[in-house]
Amino acid sequence: MDTQRTILAVALSIIVLVLFDHWMGSVAPTAKHAQTPAPAASSSHPSPTPAGTGKPSPAMLLPQGTASASGPVLHFSNQTFTGQVSLLGGDLQNLGLRDYKSAVGNPAPYPILDTTPSRLTIQQSGFIPAGGQAIQARFSQTASAVSEGEQRVILTGKAGPLDIRKTLRFFPGQYLVDETVQVTNRGQTPWSGSYFDQILRNGRTQSHWFMSIFTGAVVMHGGSFTQKGFSDLRGHPELYAGPGWAGMTDHYFLQAIVPDPHAPVQVYARPEGPNYAAGVLQPLASLAPGGSITIHQQLYLGPKRQDILASLGHGLEQTVDYGWFTVIAEPMHSVLGWFHGWTGNWGLAIVFLVLAVKLIFFYPSAISYRSMANMRKLQPKLEKIRKDYGDDRQKMGVAMMELYRKEKVSPMAGCLPIVAQMPVFIALYWVLVESVSLRQAPFILWIHDLAAPDPYFILPLLMGVSMFVQQRLNPAPVDPMQKRVMSILPVAFSVFFSFFPAGLVVYWLTNNVVSIAQQYLITRHVMKDT
């Protein structure tokens, strides 16, 4: 077997696998566990019908624009957030994350909730009386207090015959918001209905050239996690009865409604006019005149940091998707974080991670490079076989295999270690693409964001040069056509990687440089024995 041909196939396979994984993530929902959906609504109506309400889900009934910025608001700010609480619904809006900049060069807090039409992402909550239309509470009195670092915003108001007291609790350095809603029936007759809380988002998606980034709804139900893109929700809305949570996610951030795990809720994700909604519906027990009930749930509004999400429970960490090789990617992410804690620089952490991976694969790589060096020693004899047999490829193949047997050289020995490392390469690719820690993380000099492509294409160019140097150390292809293909491969990879995150190019460049050093030393040693 021709080693160069196999190496080329392996390199191209890595690219194909990466692109295919991205494509699959963008066109198909991901279910990480088996699902048991609630009974579906009638197929004649695309909207699911929550049990106990007799009406379509609240997103269909809520008047458009009720959570816009036009109503009165209460401004607040703490260690984690800066934003507003709308007095219509008592919902959070225009919420910025103080620890995350909007963009490189723009220090404004990242708007995880935004009422701007082009970036519409808002929280909506309200009540659905049995047999009636959805309404939102209107609050007229507010209070704010800070105790031992905890900040509370207390709202009092009405929703039809109901007196509503809503308390939002914010904790220092946390992205989880506690929401408590006390409901009292001040009417003369019993009241029954449901309470809903949802994230409404427009259909904007995120992508960058070859990288398709999942943006859409996420739903957890009975231990089953599902993510669905907006186009998929149009034809297949989600509705499940039982414990769970729902929300919206994009590349780096998550907005989720997390109810009490013991509450009798329904979770859903569905179209809402031109927009999309994902949330929780909680049927309430019938309230006699003067009767009260308390609803408790939490909102997660923050980055998709796996350590934070895992510590909160509920399976929120499953929104961080490392693709097929999660079992490798998760410990790799932990090691990368450890190196960052040591170096204080994510670029240097990537470099040290490469060194750690190369150390693990040192012996298999040495076998590969020794095999390539031995193949290089055989180049004159292989060229002679090619000239002797000309176009008779069958006889030429037999002669080459006889030469390999006689010289005790196995071309496969140079290929298998590379194949064995493919899962590691792809897993690290997903770690670098998915990790919010690398968002706007600087490296050195002109690299101000490891999650964005190199603005001057210097790193991809250096990577192409390193591939060219590697080829000079490898045995030259015997076939002329293959030789021409191999000669343009460094250029093709340089162009291809120009559109990938700089952090990934740092990994490949460092890997190539270390490989060159190891291969040069081994080749030099083998060639001395010639």
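The values are calculated or read from the model by the stated rules, or taken from the named source; none is laboratory data. What you see is a predicted model; the values in this text were computed from it and never measured. Please note: Cβ atoms are built from the backbone with ideal geometry, for glycine as well, and neighbour counts cover all protein chains shown.
Quick check on my filter: what residues within segment 73-90 are without any contact (Cβ under 8 Å) to a residue 60 or more places away in the chain and outside any strand (DSSP E or B)?
Gly89
For segment 125-150, which residues satisfy the criterion of being touching a helix residue (DSSP H, G or I) at 6+ places or on another chain (Cβ under 8 Å) and either basic (Lys, Arg) or within 22 Å of Gln255 (Cβ to Cβ) (or both)?
Gly126, Ile128, Ala134, listed by residue number.
Is there a residue being in contact with a His (Cβ under 8 Å, 6 or more places away or on another chain), hydroxyl-bearing (Ser, Thr, Tyr), at pLDDT below 95 and closer than 17 Å to Ile112 by Cα anywhere in segment 195-207?
No: segment 195-207 contains no residue that is in contact with a His (Cβ under 8 Å, 6 or more places away or on another chain), hydroxyl-bearing (Ser, Thr, Tyr), at pLDDT below 95 and closer than 17 Å to Ile112 by Cα.
So which residues in segment 321-365 are among the aliphatic types (A, V, I, L, M) and either at positive phi or in contact with a strand residue (DSSP E or B) (Cβ under 9 Å, 6 or more places away or on another chain) (or both)?
Correct list: empty.
Where residues in segment 84-115 are at positive phi and out of contact with any Pro (no Cβ under 8 Å at 6 or more places or on another chain), which of them is surrounded by the fewest Cβ atoms within 10 Å (Cβ to Cβ)?
Top of the filtered list is Gly105.
Being under 28 Å from the mean Cα position of the chain (by Cα) and either assigned to a strand (DSSP E or B) or surrounded by 14 or more Cβ atoms within 10 Å (Cβ to Cβ) (or both), is that true of even one residue in segment 138-156?
no
Give segment 332-349 a look and list any residue that's exposed (fewer than 15 other Cβ atoms within 10 Å of the Cβ) and either among the aliphatic types (A, V, I, L, M) or within 20 Å of Val320 (Cα to Cα) (or both), or say none.
Across segment 332-349, the qualifying residues are Ser334, Trp338.
Would you point out which residue out of Leu155, Leu168, Leu120, Leu92 is farther than 25 Å from Asp260 by Cβ and modelled with pLDDT of 90 or more?
Selected residue: Leu120, the only one of Leu155, Leu168, Leu120, Leu92 that is farther than 25 Å from Asp260 by Cβ and modelled with pLDDT of 90 or more.
Considering only strands (runs of 3 or more DSSP E) fully contained in segment 258-326, which possess at least 3 residues that are over 26 Å from Pro172 (Cβ atoms), polar (S, T, N, Q) and touching a residue at least 12 places away in the same chain (Cβ under 8 Å)?
Counting at least 3 such residues, we get 275-287.
Tally time: how many residues in segment 116-137 are surrounded by fewer than 20 Cβ atoms within 10 Å (Cβ to Cβ) and more than 29 Å from Ala288 (Cβ to Cβ)?
5
Being closer than 25 Å to Gln84 by Cβ, small (Gly, Ala, Ser) and surrounded by fewer than 22 Cβ atoms within 10 Å (Cβ to Cβ) is the filter here; which residues of segment 268-316 pass it?
Gly273
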